[in-house]
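Any read-out appearing in this document is the output of simple, stated calculations on the displayed coordinates, not a laboratory observation. Please read all numbers here as calculations on a predicted model, not as lab measurements. In this analysis, Cβ positions are derived from the backbone assuming ideal geometry, glycine residues included, and neighbour counts consider all displayed protein chains.
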């Protein structure tokens, strides 16, 4: 692409570094910014820099936070004895959006994946074991994706935690709401049959 | 969406102001920035602010430029007597990418569109007439979109310029390369027949 301005070219290149944004989209975004007020673009720019500079990770659960302890771990109304183990910050947000969970989280920062060179040492596993040792945690919910890597991580964690008096559960696998039975994969269908629920718990929902 | 961090929330909101970017995509971009080095995000931020602050518009053709006169108007190899009239900066880039045009441009900054409240006075039409008066311009190519607004603008400009000894042309309308005849609209097909070309000019391409 030919640009008559180096300022524009640099801005397009920066936008195009973001995931899912190609040169054409980047140009559209840059031309949009160009139409905005100088102050607005200044604000856009400052918010991004400030976010990256001042963001903290919660010392307890490794969730993103503005303080040393995140708002979830710091809340007096959340049950500290139920810990939901998730892969990433995004999963915390997804579960928070359901407004169904009133415990606290533990963000692993990834899952065990030998292909990508991610072993247990790169993840926040040690701090999870420490939490179980030091706090009166009753239940750990493994809310990891139902993939080989997710299952491997659950298996590894359950071995690490087997000496502690803590109940380990996983989120239910099954047919998603609105999903059609005939298009479900065999594994999911098989698990949904073996883990069948009494009708009362279905009606309750 | 629930965010546990105001820094993240602000950044997501800023991204979501951009065209074609919703909250979910904005969050993905923010989490991507979060994984980057502080310096890289700083650079991203500075490039955007600097672009908006220091961008200039060419005093001759209204194209974006790093200087008072853009690199196209300032080039000694471009023919200053052929002016291509376009709607926006993006059209300049599109035509420049073809590497087929060696004249200069005039960016109107929009087209006449009474529905959107855009009249001739909001566009860079006065400066175009001035250029025709003051410079030895031989030909003006109207490279506007073949819409009602585009045709209205061409008609308006041609009336404004009719007293000056300048040849006015429009870019060819016709069936696009790779386009199928049966799917072309009647107007385009009709025009492409009435403006049919001698075979030599076709083979030349």
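Quick look at the numbers
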| item | result |
| --- | --- |
| Contour minus Cα-Cα distance for residue A:121 and residue A:54 (0.36 nm per residue) | 21.5 nm |
| The stretch A:6-54: translational diffusion in µm²/s, Stokes-Einstein, Kirkwood Rh over Cα pairs, 37 °C, 0.692 mPa s | 287 µm²/s |
| Rg(Cα)/(2.2 N^0.38 Å) for the stretch B:79-171, N = residue count | 1.02 |
| Extension gain (nm, one decimal) between residue A:147 and residue A:6, 0.36 nm per residue minus Cα-Cα | 46.2 nm |
| Computed [θ] at 222 nm, helices only, for the protein assembly as shown once each DSSP H run of length n ≥ 4 contributes -39500 (n - 2.57) | -13000 deg cm²/dmol |
| On Cα atoms only, tilt of B:38-54 relative to the major axis of chain B in degrees | 40 degrees |
| When the protein assembly as shown is reduced to its Cα atoms, the Kirkwood hydrodynamic radius in Å | 26.6 Å |
| Residue B:187/residue B:32 FRET efficiency (R0 41 Å; Cβ-Cβ; nearest 0.05) | 0.35 |
| Between 0 and 90°, nearest 10: helix B:23-35 axis offset from chain B longest Cα axis | 60 degrees |
| Nearest-first distances (nm) between copies at residue B:176, label 7 Å from Cα via Cβ | 3.3 |
| Rg and Dmax of chain B, Cα atoms only, in Å | 22.1, 68 |
| Tilt relative to chain A, helix A:89-98 - C-alpha long axis, 0 to 90 degrees, to 10 | 70 degrees |
| B from A by rotation - nearest chain A beta carbon to the axis, in Å | A:45, 2 |
| Across the identical copies, how the residue B:59 labels are spaced - nm, sorted shortest first, 7 Å along Cα→Cβ | 6.0 |
| FRET efficiency estimate (nearest 0.05) - Cβ-Cβ, residue B:66 to residue A:180, R0 51 angstrom | 0.35 |
| Footprinting exposure proxy for B:79, B:106 (fewest neighbouring C-beta atoms within 10 Å first) | B:79, B:106 |
| Chain B, relative contact order [Cα under 8 Å, separation at least 6], % | 12 percent |
